[in-house]
Number of protein chains: 2
Amino acid sequence: MRLIGLLDSPYVRRVAISLQLLRLPFEHRPISVFRGFDEFRTINPVVKAPTLVCEDGTVLMDSVLILQYAQALAKRSLLPADLPSLTLELRVIALAQAVLDKSVQLIYERDLRPAEKQYEPWAARVTAQMLAALTELEQELARRPLTAGRAMTQAGISSAVAWYFVQQQLPKVVSTRFPQLAAFSAQAEVLPQFRAAPHGDSQCVPVID
Amino acid sequence: MRLIGLLDSPYVRRVAISLQLLRLPFEHRPISVFRGFDEFRTINPVVKAPTLVCEDGTVLMDSVLILQYAQALAKRSLLPADLPSLTLELRVIALAQAVLDKSVQLIYERDLRPAEKQYEPWAARVTAQMLAALTELEQELARRPLTAGRAMTQAGISSAVAWYFVQQQLPKVVSTRFPQLAAFSAQAEVLPQFRAAPHGDSQCVPVID
């Protein structure tokens, strides 16, 4: 099994950490969807990171769908089984994902276009959405604290990865207003599964899509 | 259970069709994330469509995560159970989703910015990715035909919704080069679950995110 994509992408990082928590061995190939476009295209013509090449050669993409495959393969779910817990879990995952989706849209607006092609109303809109998602996520963590460790579920993995990404990439935007998220992320980032999937060079354009 | 968002959004439409196939009753509230921003925000501060308000008031978003909740609630999966079939299913879903994600990025570039803020290299990149995803999806359908009907799974729902959306919104880009997709979509669109979730006014900006 090969995981293709830079760990600068929080979506790739979420998969790398989850595969380790599921104890699924994999080879990581850090190819950029920008600088490595031509090489990436030979593996997956859609050029989306993360891409997972399964043992049988099937090429998957999209971190949520890759995680569905990985859990089926490992015969172990990273989601709670009972409906009330699952509902709250899916809400936290969705909020963490909204944080990522909106922060990536903001970074793309800022870093992938010449200044004269940047459109302020769009940047303002996605920034507001990102901050709303962070605020809701912070409230969820205050209400129902997450635990970092071997038994952590997708909500924890996604929240920790999302916080780490935005505070690395958008430190001025998020500042220090999210103490629950910051504390939880600090617990998670010292776990071996997180340390083995370092975020990478925060100076480069995050390479996601 | 309330589903919030316009059916112009293929992601909302995918959920609406899936809920019907799962025989889960729901109320649909067609609020735009643009024109109805303030009203949407009172329901979900992140303003993302689809949003699902569960019976217990929990607010979910992201179509893939909403479908995970809906399947758990209905106690019925819209995915095959065995690993080889699931792997191929997830590949088809990922490709259909890439078609949607890239077509929406293209439409946003074209419709949500003044002409002088549009950036041609970005539009060209996402167009190429969308066409690559359509080409791969067409090949998958040629290899393993999908069946439209009551027993259809997420791969079928997503493929049909994706094709209908791009041929409505980007007819010049996709033209008629995807006969398998076109034929399968035609079968699916006459099903009552699809007809009950009409795409809406194709003249308006598709209102997704």
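The values are calculated or read from the model by the stated rules, or taken from the named source; none is laboratory data. Here the structure is a predicted model, which means the values were calculated and not measured. Glycine gets a Cβ as well: all are built from the backbone with ideal geometry, and neighbour counts include every protein chain shown. Accessible surface is based on the protein model in full, side chains and every heavy atom, while ligands, DNA and RNA are left aside. Shrake-Rupley method; radii C 1.70, N 1.55, O 1.52, S 1.80 Å.
For B:ALA160, indicate whether it is at pLDDT 95 or above and within 14 Å of chain A (Cβ to nearest Cβ). Taking the combined requirement at face value, the residue does not satisfy it.
Kindly indicate whether any position in region B:164-171 is surrounded by 14 or more Cβ atoms within 10 Å (Cβ to Cβ) and without any contact (Cβ under 8 Å) to a residue 24 or more places away in the chain. Within region B:164-171, one or more residues are surrounded by 14 or more Cβ atoms within 10 Å (Cβ to Cβ) and without any contact (Cβ under 8 Å) to a residue 24 or more places away in the chain. Residues that are within 10 Å of chain B (Cβ to nearest Cβ), at pLDDT 95 or above and either in a loop (DSSP other than H, G, I, E, B) or surrounded by fewer than 19 Cβ atoms within 10 Å (Cβ to Cβ) (or both) do occur in region A:26-42, at least one of them. Inspect all residues belonging to region B:74-83 and state whether any of them is over 24 Å from A:ASP62 (Cα atoms) and not hydroxyl-bearing (Ser, Thr, Tyr). Yes, there is a match, as at least one residue in region B:74-83 is over 24 Å from A:ASP62 (Cα atoms) and not hydroxyl-bearing (Ser, Thr, Tyr). Picking from residues in region B:148-159 that are touching a residue at least 24 places away in the same chain (Cβ under 8 Å) and open to solvent by 30 Å² or more (accessible area, probe 1.4 Å), the one that is farthest from A:ASP111 (Cα to Cα) is B:ARG150. With respect to B:LEU78, determine if the residue is open to solvent by 20 Å² or more (accessible area, probe 1.4 Å) and either under 20 Å from the mean Cα position of the chain (by Cα) or over 21 Å from B:LEU7 (Cα atoms) (or both). The answer is no for B:LEU78. Report whether or not B:ALA151 is part of a loop (DSSP other than H, G, I, E, B), over 29 Å from A:ARG113 (Cα atoms) and more than 18 Å from the chain's Cα centre (by Cα). Yes.
Given the conditions (1) out of contact with any Ser or Thr (no Cβ under 7 Å at 6 or more places or on another chain); (2) buried (at least 16 other Cβ atoms within 10 Å of the Cβ); (3) away from chain B (no Cβ under 14 Å), and given that A:LEU181 satisfies all but one, which numbered condition is not satisfied? That leaves (1) as the condition not met. State yes or no: is A:PRO45 more than 15 Å from A:ILE157 (Cα to Cα), in contact with a helix residue (DSSP H, G or I) (Cβ under 8 Å, 6 or more places away or on another chain), open to solvent by 10 Å² or more (accessible area, probe 1.4 Å) and without any contact (Cβ under 8 Å) to a residue 12 or more places away in the chain? Criteria met by A:PRO45. The residue of region B:113-126 that is nearest to the other protein chains (Cβ to nearest Cβ), among those that are part of a helix (DSSP H, G or I) and open to solvent by 30 Å² or more (accessible area, probe 1.4 Å), is B:LYS117. For B:GLN71, all conditions in the list (1) open to solvent by 10 Å² or more (accessible area, probe 1.4 Å); (2) in a helix (DSSP H, G or I); (3) within 9 Å of chain A (Cβ to nearest Cβ) hold save one; what is the number of the exception? Failing condition for B:GLN71: (3).
When B:THR87 is tested against (1) open to solvent by less than 30 Å² (accessible area, probe 1.4 Å); (2) under 19 Å from the mean Cα position of the chain (by Cα); (3) within 13 Å of another protein chain (Cβ to nearest Cβ), only condition (2) is not met. Do we have B:GLU136 as open to solvent by 60 Å² or more (accessible area, probe 1.4 Å), within 10 Å of another protein chain (Cβ to nearest Cβ) and touching a Lys or Arg at 6+ places or on another chain (Cβ under 9 Å) here? So B:GLU136 does not fit the description; no.
Taken over region B:50-60, the criterion of being assigned to a loop (DSSP other than H, G, I, E, B), open to solvent by 10 Å² or more (accessible area, probe 1.4 Å) and not charged (D, E, K, R) is satisfied by B:GLY57, B:THR58. Among the residues of region B:90-106, those identified as open to solvent by 10 Å² or more (accessible area, probe 1.4 Å), within 10 Å of chain A (Cβ to nearest Cβ) and not basic (Lys, Arg) are B:GLN97, B:ASP101, B:GLN105. For A:ARG150, are the conditions met, namely being basic (Lys, Arg) and at pLDDT 95 or above? In short, no.
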